[in-house]
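Notes follow once the structure below has been shown.
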Amino acid sequence: MKKLFFLSVCAVAMLTACTGNKAINEAAQRDRDSLMQVISQRDAELDEIMGTVNEINEGFRQINEAQGRVTSEAANGEGANMKAQIQENIHFIQQTLQQNREQLEKLRSRLKNSTLEGTKLKETIDQLTAQLEEKSVQIETLQSELASKNITIEEQTQKIEQLNTNVTELTTQNEEKAKVVAEQDKQINTAWFVFGTKSELKEQNILNKKEVLKEGSFNKNYFTEIDIRTQKEIKLYSKSAKLLTSHPSGSYTLAKDAKGQYVLKINNPNTFWSVSRYLVIQVK
């Protein structure tokens with residue numbers, strides 16, 4: 001009987017021990033699962049934070065490249081295409097700087113609610129913020145330099161345009177003056193001559209009662225216009241010729257050609273035409 005009782009007690013003790021170990025094991029497993037979940041969350045959070053930091057650093061790298069392109073383009077040319085490229089790069093830099101600002105704000109907000117150690121992350125955010133501010137100042141300086149250069153270019157362009165306008169105006173004025181001078185010169189050196197029979201000259205009212213060009217109604221279109229500087233010889237196609245208008249003797253000669261027809265040769269044009277710019281010759 002005692003032996004049976006002892007065995008019963010041992011069985012109960014063993015059952016109790018097994019039940020207690022199972023509970024402990026289940027609790028330990030729950031703790032391990034909870035810890036792994038926390039670690040997993042921290043890893044995911046850390047990965048996301050580092051991803052954001054990498055994006056910000058990539059933004060700074062792209063800004064530096066674009067900044068280098070702007071500096072190079074500004075130094076190499078001033079054409080319309082070059083200016084468009086500079087404006088495009090400046091726009092990209094400003095846009096990327098704004099994106100970095102927004103990413104840094106996200107990091108600051110995450111830091112407040114993060115379960116991670118905040119000291120190192122705060123130092124990283126502070127460094128990136130300082131880098132952002134420094135880069136912003138550089139870009140503002142670059143924009144000021146570009147603006148100044150654009151003003152200089154515009155001023156130079158205006159000066160060149162003004163010079164071109166002045167040259168054009170002077171050219172136009174000179175052309176107009178040249179035309180006036182040419183016209184005046186032409187008038188000064190223009191004369192008119194006519195030759196015809198007595199009846200022909202009367203028909204045109206050039207000869208009227210033995211007087212020459214006394215009536216203002218004579219037919220001026222019957223005359224031939226000449227340049228006294230170049231035309232110094234007039235063929236009359238007649239074996240009889242007489243000058244009816246006054247021209248200083250010695251300034252011309254009437255000579256016959258091989259056919260026996262008269263040719264008027266003007267030896268001194270200025271003297272010949274000094275009395276009258278109209279020459280009338282009667283032929284038969």
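The values are calculated or read from the model by the stated rules, or taken from the named source; none is laboratory data. Predicted model only: the values in this text are computed from it and were never measured. All Cβ positions, even for glycine, are placed from backbone atoms using ideal geometry, and neighbour counts span all protein chains on display. The accessibility values were calculated without ligands, DNA or RNA, using every heavy atom of the protein model including side chains. Shrake-Rupley method; radii C 1.70, N 1.55, O 1.52, S 1.80 Å.
So the values come out like this:
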item	result
Normalised alpha carbon radius of gyration of the range 121-252 [divisor 2.2 N^0.38 Å]	2.80
Neighbour-limited loop hits for chymotrypsin sites (Phe, Trp or Tyr not before Pro), the range 189-284 (at most 14 other Cβ within 10 Å; DSSP other than H, G, I, E, B)	237
Across 159/179; 186/259; 198/256; 186/284, pairs whose alpha-carbon gap is larger than 26 Å	159/179; 186/259; 186/284
Distance (nanometres) between label positions extended 7 Å along Cα→Cβ at residue 47 and residue 229	9.7
47, 257, ranked by accessible area, largest first (probe 1.4 Å)	47, 257
Within the range 254-284, backbone nitrogen closer than 11 Å to the virtual label 7 Å beyond the Cα of residue 200 toward Cβ	281-284
Cα-based reach from residue 120 at 17 Å (exclusive), listing lysines while leaving out same-chain residues under 8 positions away	106, 112
